[in-house]
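Notes to accompany the following structure.
Bear in mind these aren't lab numbers, they're just calculated from the coordinates by the rules spelled out. Computed from a prediction, not measured in an experiment: that's the story for all the values here. FYI the Cβ positions are ideal-geometry reconstructions off the backbone, even for glycines, and counts take in every protein chain you see.
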Amino acid sequence: MPFPRIPAVALAFEPLSALPYPVARALWLCACIAALAGFVYLWPLTSRAWACVAICWSAPVALCLLLGQDSMWFLFFIALGLRLLMGGRDFWAGLAFSACIAKPHLALLLPVFLIARSKWKALLSIAAGGTASVSLSFVAAGKDWPQRLIAMVRVMELDPAADRMPNLRGLLSFLGGGVAAEVALGLVVVAAVWFLSRRHPLPTAGAIVLAGGLLLSHHAYVYDALLLLPALLLPFQAPHLEWMRKWAIFLLSPTPYLFLMTTVSIVGVFLAHVAITGYTVALIAVMVRRNQGEDGTTAGS
């Protein structure tokens, strides 16, 4: 089976591969549930009970558990890094963030967030952790592993349905937009996340970074949409527009993701794209406009 991760990640799975498959599968399932519990414990939430309900209702979470995906570990390490940042332990936070190297395309906004917050020590430790993982990969798999990995990720079987991806690429595939449009919109998202990261508390900025990272990922499927969980819980933790709360409730239900996975209705797939991808765009736009209004009020007073 192809393994589109760096070899250091494969080494982390080596102990499981030595076990009988049913045992390894059960242990991995327990580990993934533990990662979800860790996210609920570590992320600064006003109501952990509602977060648990959202997780139990979430189609992306169910798919992750069913298919054995590792996206919930990505979510856990982001939550761990964020908690360490809040405690002033920037170096260890960076090391936690560097564990997201298994899916770096989902973490494209993490450096933007840290630079906007002037978290230079965290950035240096991310670089140190990433360098260690890459070095270990060369030791484990030889000097030509980058070329082999690039060749592998270009295989069509690993990218079978761009029109079903819950990101900008998936939405633009219905609108006739190509890579240029995706890059242009992506730059707007980067600028907005930079702006918001400088003006909001760490948990709020972290939620936007995760949701925006999914937007820019270029390669993501429904199970990766669990990274929206913090952003979907955001409207219930602070004063927010009622229509944003209703939109979040809809996205916490399985409905839009089921439409995204079905072939029954192309219109339904498109509307699911608008609902999922549009939520992050709308949330960012609302927060940017609100901050601009507050800045204007402050300047006027």
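Quick notes on this structure:
- The range 219-255, subset part of a helix (DSSP H, G or I) and small (Gly, Ala, Ser), residue surrounded by the fewest Cβ atoms within 10 Å (Cβ to Cβ): Ala248
- Note on the range 178-218: residues that are among the small types (Gly, Ala, Ser) and outside any helix (DSSP H, G or I) total 2.
- Test: residue in the range 106-124 that is under 18 Å from Ala8 (Cβ atoms) and crowded, with 21+ Cβ neighbours inside 10 Å: yes
- Members of the range 131-146 found to be more than 26 Å from the chain's Cα centre (by Cα) and not in a loop (DSSP other than H, G, I, E, B), listed by number: Phe138, Val139, Ala140, Ala141
- Among the residues making up the range 260-289, those that are surrounded by 13 or more Cβ atoms within 10 Å (Cβ to Cβ), of a type in the set (Val, Ile, Thr) and in a helix (DSSP H, G or I) are Val269, Val274, Ile276, Thr277, Thr280, Val281, Ile284, Val286, Val288.
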